[in-house]
Every structure is written in C-alpha cells, then in structure tokens.
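One structure below.
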Amino acid sequence: MSDLNQLIKKVPKDAPILAIDIYQQRKKYKNIIYTTAGINTIIKIIQYLNIYEVPVVVKIKRYNKKLYKQDSPLEVIK
C-alpha cells in the first residue's frame with residue numbers, strides 16, 4: 001500500500017490515529033497506534049464499516065470502556 005508517512009499528511013489531526021496493517025508488516029511510526037490483525041478480524045472490520053476502498057479514514061467515538069461506534073462517514077484518501 002502507499003507510504004504511511006504520506007497518508008498521515010492527509011488525515012485530520014484532531015484525534016489519535018489507529019492504523020490497521022492488512023499486510024502484516026509490523027512497522028513502528030511515531031504518534032500512531034499501529035496494529036496488525038488476522039484476516040478474519042480484518043474482514044469483520046471491513047464488513048462492519050462497509051469499507052469498499054482503502055485507505056480510508058473514519059472517526060470512532062468511545063461511549064464507555066468497551067463500546068466504540070462509528071462517528072463519521074467514511075472518507076477515502078486519494
């Protein structure tokens with residue numbers, strides 16, 4: 001996929017960034033929560049958020065310790 005450093009410049013800076021690595025490269029970036037996941041988890045996230053293109057930005061709102069919900073429409077980064 002595209003270089004994460006270039007993508008970061010296009011993402012709003014008003015919240016922490018959680019980057020899910022679908023290529024399982026396990027890189028480290030400053031000020032980014034960078035995670036990998038198994039394909040079953042990635043498929044669930046894609047289906048739950050209705051993601052059809054990547055990379056995509058979506059805001060997630062925390063409602064309590066364990067409940068998070070989508071808080072914005074999906075925005076595909078070009």
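Which part of segment 1-43 falls in the paramagnetic zone of Glu53, meaning amide N under 12 Å from the point 7 Å along Cα-to-beta-carbon? Output list for this probe position: empty.
Note on Rg and Dmax of the Cα atoms in Å: of the candidates (i) 11.7, 35; (ii) 13.5, 46; (iii) 12.5, 33, the value calculated from this structure sits at (iii). Positive end of the dipole of the chain (Cβ unit charges, origin at the Cα centre): among Tyr34, Val56, Ile46, the Cα lying farthest that way belongs to Tyr34. Note on Ile45 and Lys61: their simple-model spin labels are 2.1 nm apart, each label 7 Å out from Cα toward Cβ. Annotation for segment 1-38: chymotrypsin sites (Phe, Trp or Tyr not before Pro) lying in DSSP loop with at most 15 further Cβ atoms inside 10 Å of their Cβ are Tyr23, Tyr29. Full extension of the chain between Glu75 and Gln24 yields a length gain of 16.1 nm, computed as 0.36 nm times the residue separation minus the alpha carbon distance. Rolling a 1.4 angstrom probe over the chain with all protein chains present gives an accessible area of which 54% lies on carbon and sulfur atoms.
Note that the chain presents 84 Å² accessible area per residue, ligands and nucleic acids not counted, probe 1.4 Å.
The values are calculated or read from the model by the stated rules, or taken from the named source; none is laboratory data. Please read these numbers as outputs of a predicted model, since none were measured by experiment. Note that each Cβ is placed from the backbone with ideal geometry, even for glycine, and that neighbours are counted across all protein chains shown. What goes into the accessible areas is simple: the full protein's heavy atoms, side chains included, and nothing from ligands, DNA or RNA. Shrake-Rupley method; radii C 1.70, N 1.55, O 1.52, S 1.80 Å.
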